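Values in this text are rule-based calculations from the coordinates and carry no lab data. This is a predicted model, so every value here is computed, not measured. Note that we place each Cβ from the backbone using ideal geometry, even for glycine, and neighbour counts take in every protein chain shown.
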Amino acid sequence: MNRKPFTPQPGTGYWNQGGGTFDCLSVLDDGRAVMRNRASGWTLTAHGVGIYDDGSIDWDYSTDGRFEEKQGQQDAAEIMAVLTAAVDTWGKAAQVDMAIEEMAELQKELLNERRGRNNHIAEEMADVRIMLQQMEIIFQNGGDVERIFREKVARLDQRLHDRKGAAL
Ligand SMILES: [Mg+2]
């Protein structure tokens, strides 16, 4: 395949020859580009970017590879403290029952929306999110959930790419 030197556009996603979609965050003065893997958050500075006929890209080498710092980590720690206190106070069995109940409430609101009735989808989605976080505390599997979540998003990205070619 033909490869030409290329300057990515900030705000645009590109399929990388090595796999995965990378979003261009910014372009530095000399044409180096800061790229972030959409699924994993892995961010790097790409040197010597090239583009192929199918719109996919690669680069000669990269530097400064790191996971982009997540925003609001302080906030997340505070939320975690409150949810851990909830599990400690009411116990595993009660909170698992509560998770089941909140998921049922969300199901009901989704049906209400489908039937054109008033609904409280946002409220019940928030309740389910709170309970899912408590499940991570109870089952000590937050790391697994995050890893599997990212693997599944990456697989979805791959499937979408296979379906429509390199155009993003
Ligand atoms: Mg509820």
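R0 = 22 Å: FRET efficiency of residue 118 with residue 163, Cβ-based, nearest 0.05?
It comes to 0.05.
Assigning unit charges at the beta carbon (Lys, Arg +1; Asp, Glu -1) and nothing else, what dipole magnitude in debye, to the nearest 20, does the chain show about its Cα centre?
680 debye
How much FRET efficiency would the formula 1/(1 + (r/R0)^6) give for residue 64 and residue 88, where r is the Cβ-Cβ distance and R0 is 41 Å, rounded to 0.05?
0.50
Please return the longest stretch of the chain lacking exposed loop sites, where trypsin sites (Lys or Arg not before Pro) count only if DSSP places them in a loop and at most 12 other Cβ atoms lie within 10 Å.
In short, 1-69.
In percent, how large is the relative contact order of the chain, given Cα pairs closer than 8 Å and 6 or more residues apart?
Computed value for the chain: 20 percent relative contact order.
Percent of Cα-Cα pairs more than 28 Å apart in the chain, please.
Result: 46 percent of Cα pairs exceed 28 Å.
What are the GluC sites (Glu not before Pro) within the range 33-135 that DSSP puts in a loop, where the Cβ has at most 12 other Cβ atoms within 10 Å?
69
Once every Cα of the range 73-139 carries one equal point scatterer and solvent is ignored, give the base-10 log of I(q)/I(0) from the Debye formula at q = 0.13, 0.19, 0.28 Å⁻¹, two decimals.
Ignoring solvent entirely, the Cα scatterers give -0.41, -0.73, -1.13.
Could you rank the peptides 21-30, 42-51 by their average count of other C-beta atoms within 10 Å per residue, with the highest value first?
Going by the mean number of other Cβ atoms within 10 Å, highest first, we get 42-51, 21-30.
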